[in-house]
Amino acid sequence: MSTTRTSPLDLTRPFPPGFLWGTATASYQIEGAATEDGRGVSIWDTFSRRPGAVLHGDTGDVACDHYHRMNQDLDLLERLGVGAYRFSVAWPRVQPSGSGPANQRGLDFYRRLVDGLRERNIEPTLTLYHWDLPQPLEDRGGWCERDTTDRFADYVDLVARSLGGDVERWITLNEPWCSSWLGYGAGYHAPGIRDIGKAAAANHHLLLAHGKAIPILRSAVDSAKVGITLNLGDHRPGSDHPLDVAAARRVDGNLNRLFLDPIFHGEYPQDMLDHYASAQPGFSVIQDGDLALIAQPIDFLGVNYYFPSTVIDESRATEARLAGYVVAPEDPFPDLKVRSLETPGRDKTAMDWEIHASGLTSLLMRIRDEYHSLPIYITENGAAFDDYVDPNGQVLDLNRIAYLQEHISAVHDAIDAGVNVQGYFVWSLLDNFEWSFGYSRRFGIVWVDFPTGDRLTKASFDWYHDTVQKNSVEYATSVGSP
Ligand code: GCO
């Protein structure tokens with residue numbers, strides 16, 4: 001079916017029949033019940049207690065209390081009318097110490113969730129790892145240690161054998177870049193380590209864990225569709241100066257190619273291996289056969305997209321400031337030697353992330369051109385804004401509606417250009433624990449009153465409901481030029 005408009009006055013952009021609309025969450029960000037039913041301690045329980053690590057000292061101990069309010073949240077999903085729900089399983093609920101037999105009460109919780117989704121005709125999309133590593137594994141070196149990949153394989157086997165009959169779509173890892181480079185490199189995320197050599201080793205071990213999970217899922221679940229979710233971005237040079245072009249290439253190497261190249265081409269990018277050659281243990285942890293495991297065929301790629309970036313070489317920061325640009329004071333990755341530039345006049349979200357939807361279109365086209373034509377799901381896209389409940393008891397988050405409309409329209413542009421995008425998931429169903437920002441950043445299409453746990457649907461919830469019903473989006477004029 002053609003997805004193009006029927007007349008110049010018709011601003012409706014229909015999506016192909018069967019396009020999958022969904023919404024996403026993650027275990028630590030919503031569940032709470034941190035010590036219930038045998039759940040073990042995760043690295044985020046530990047990290048969030050470290051003074052200064054998370055804004056206001058917030059933790060996921062209670063979060064959205066989803067563990068106890070699951071039925072209410074399932075009803076919200078049904079009202080929303082989505083065809084799929086992406087959630088993650090907390091490894092420490094299934095294996096409290098990171099190894100050994102399954103904790104049945106932990107698995108039972110996800111069984112109830114999957115059954116509740118099925119009863120409502122909502123397809124479960126299960127992420128196996130959204131950052132909550134069992135603390136006992138971190139105590140033995142976490143993702144810097146090869147042994148963690150075998151522990152992950154055992155965990156995947158337990159989950160797949162328990163839920164496999166009712167879950168078709170499996171995501172091995174969410175954003176391994178964040179787990180490795182933010183967790184072990186910049187120290188902004190759990191476990192809060194600042195060591196580039198460890199970050200590179202974690203990068204490889206996470207991908208190896210993904211590779212080890214693939215055959216396990218395929219043998220445990222007949223119809224398994226297996227994929228991985230990457231946070232990819234469109235990183236452009238601030239000028240055509242060769243130093244800036246090289247700076248953008250380094251950022252692209254670190255954020256995009258260190259993941260896409262091994263998964264789809266079976267090799268790490270040589271420029272990045274050279275760049276990290278002196279970081280220990282770094283990529284010296286690669287062993288024969290690893291890349292063949294990592295590059296096994298998958299069924300889809302999950303893409304999380306939030307914002308693009310413009311970068312220059314750090315040596316040119318003063319010059320750029322003198323020319324009137326706003327240059328970020330520092331880069332969290334000292335080894336990359338880059339600075340980010342603000343784009344004058346561009347709107348931002350409450351995360352201070354620039355809003356630029358066409359970066360999503362160009363990213364999707366690049367994946368198709370340079371890597372593969374597999375189905376792609378946008379497994380996360382959304383925005384934090386300073387929402388509030390108005391005197392009429394409503395949350396009129398018109399800025400979020402505009403953001404979603406522009407980005408869904410950008411996905412439509414990619415489909416029109418021939419990219420095989422098969423679904424879109426809004427981040428997030430609920431306001432939740434936004435990692436080092438705690439509860440201060442609201443991404444939900446449902447407001448959560450954290451002191452009471454009460455839920456209130458926002459205007460964006462109704463807007464997204466209509467979009468899903470119509471399987472189309474109104475043309476967004478503000479998408480802008482690439
Ligand atoms: C991530 C995660 C989510 C975040 C969301 C907003 O990308 O960091 O997958 O857990 O909450 O992206 O930052």
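The values are calculated or read from the model by the stated rules, or taken from the named source; none is laboratory data. It should be emphasised that the depicted structure is a prediction, and the values quoted were computed from it without experimental measurement. Note that we place each Cβ from the backbone using ideal geometry, even for glycine, and neighbour counts take in every protein chain shown.
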Looking only at the range 318-343, and only at residues there that are under 23 Å from the mean Cα position of the chain (by Cα) and not in a loop (DSSP other than H, G, I, E, B), the one that is nearest to residue 236 (Cα to Cα): 340
- prompt: residue 248 passes all but one of (1) under 15 Å from residue 333 (Cβ atoms); (2) in a loop (DSSP other than H, G, I, E, B); (3) more than 16 Å from the ligand (Cβ to nearest atom); which number fails?
  reply: (2)
task: Sort through 243, 207 and tell me the only one that's at pLDDT 95 or above and surrounded by fewer than 21 Cβ atoms within 10 Å (Cβ to Cβ).
output: 243
Where a residue in the range 229-244 is closer than 26 Å to residue 176 by Cα and its partner, wherever it lies, is within 16 Å of the ligand (Cβ to nearest atom) and among the charged types (D, E, K, R), with Cβ under 7 Å and at least six apart: 229/175; 230/175; 231/175
- prompt: Could you say which residue among 373, 315 is outside any loop (DSSP other than H, G, I, E, B), away from the ligand (no atom under 16 Å from the Cβ) and either among the polar types (S, T, N, Q) or in contact (Cβ under 8 Å) with a residue 40 or more places away in the chain (or both)?
  reply: 315
- prompt: Among the residues of the range 148-169, is any touching a residue at least 24 places away in the same chain (Cβ under 8 Å), surrounded by 23 or more Cβ atoms within 10 Å (Cβ to Cβ), within 16 Å of the ligand (Cβ to nearest atom) and more than 26 Å from residue 21 (Cβ to Cβ)?
  reply: no
- line: Among 382, 480, the single one that is modelled with pLDDT under 95 and not charged (D, E, K, R) is 480
- prompt: Taking the range 343-394 as the search range and keeping residues that are under 30 Å from residue 299 (Cα atoms) and basic (Lys, Arg), which one is surrounded by the most Cβ atoms within 10 Å (Cβ to Cβ)?
  reply: 368
- prompt: Do the conditions hold for residue 339, that is, is it farther than 27 Å from residue 198 by Cβ, charged (D, E, K, R) and buried (at least 19 other Cβ atoms within 10 Å of the Cβ)?
  reply: no
Criterion (surrounded by 15 or more Cβ atoms within 10 Å (Cβ to Cβ), within 16 Å of the ligand (Cβ to nearest atom) and within 17 Å of residue 343 (Cβ to Cβ)) met by exactly one of 307, 259: 307
message: Looking only at the range 268-285, count every residue that is touching a helix residue (DSSP H, G or I) at 6+ places or on another chain (Cβ under 6 Å) and not in a helix (DSSP H, G or I) and tell me the total.
response: 6
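If you check 346, 400, which single one turns out to be within 16 Å of the ligand (Cβ to nearest atom), farther than 30 Å from residue 184 by Cβ and either part of a loop (DSSP other than H, G, I, E, B) or not hydroxyl-bearing (Ser, Thr, Tyr) (or both)? Outline the logic, then answer.
Working: 346 fails: within 16 Å of the ligand (Cβ to nearest atom).
Just one listed residue meets the conditions, 400.
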- prompt: From the residues in the range 432-456 that are under 15 Å from the mean Cα position of the chain (by Cα) and surrounded by 24 or more Cβ atoms within 10 Å (Cβ to Cβ), which one is farthest from the ligand (Cβ to nearest atom)?
  reply: 444
Top-ranked residue of the range 407-431 - restricted to ones that are surrounded by 24 or more Cβ atoms within 10 Å (Cβ to Cβ) and in a loop (DSSP other than H, G, I, E, B), ranked as nearest to the ligand (Cβ to nearest atom): 428
